[in-house]
Amino acid sequence: MDRPKDRSNTAGPSRPELPAPPASPHLSAAEIVAYLRQHPDFLIEHSELLEVLTPPTRQRGERVVDMQQFMLQHQRAEITRLKNQHRALVTTSRANLASQSRVHAAVLALLAATSFEQLIQIVTTDLAVLLDADVVTIAVESTCAQRPRLSHQGVQILAPGTVDAVLGGTERDVVLRGDEEGDPILFALLRLQVSTAAPAGLLCIGMRRAGKFHGGQGTELLGFLARTLGITIAAWLDLPS
């Protein structure tokens, strides 16, 4: 008497693995359709394709709006907007991080000065390199009728009241001058607050590349740099705060 054959699996036949799509660089429409029929979950696993594929519109009559098509187009536009916003945010964050690193390096250089003369030399020579600028100068108001001679290049003498006039009043400490017709150098002008016993001054950072300084730019880091310089100068000259 013949024995009945053992049943290999009571759970039913397993789904066979489907072959990969043809490797030909020129696929026909029939081949693509056949592959998608064999892989019904393809768009679920590759949802990013929904951003570029154009689904067919539903024909519901001339006066009926296809809301599904409208919502899909709106979603695509929103995804594009968010991607552009993300790229702009990343670019701004990288620029701010680079600026922060440069200002921190400049502050450390100021604090490392071993004399007042070296401090002025660092400001008028090294800071331009550290800040990726073209020129850095200090300007100080003087009440003398005849301008005194200065032993440091890069230190300028201003007439009384020039600092407030340039900054636009006593309440402003930073002014960023953007592109001006006929002026090849763009400046960040920072109030230099040394001491109540010292004349008003400016820290001027010049740049020949357009767009380096503009009116909407944050000024906290530049203000921190100018404040650090003012405190350091007061300490070397033993001036009251």
Applying the selection to the stretch 16-50, what residues are open to solvent by less than 70 Å² (accessible area, probe 1.4 Å) and at pLDDT below 65?
-> Leu18, Pro21, Pro22, Ser24
Starting from the stretch 94-105, keep only residues that are among the basic types (Lys, Arg), then list their pairs with residues that are part of a helix (DSSP H, G or I) whose Cβ atoms are within a distance under 8 Å, requiring at least 6 positions of separation or different chains.
-> Arg102/Leu130
Failed condition for Glu117, given (1) farther than 19 Å from Arg227 by Cβ; (2) in contact with a strand residue (DSSP E or B) (Cβ under 9 Å, 6 or more places away or on another chain), with all others met?
-> (2)
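The values are calculated or read from the model by the stated rules, or taken from the named source; none is laboratory data. Remember, predicted model here, so these are calculated numbers, not experimental data. Heads up, the Cβs are rebuilt from the backbone with ideal geometry, glycines too, and the neighbour counts pull from every protein chain shown. Note: areas computed on protein heavy atoms with side chains; ligands, DNA, RNA excluded. Shrake-Rupley method; radii C 1.70, N 1.55, O 1.52, S 1.80 Å.
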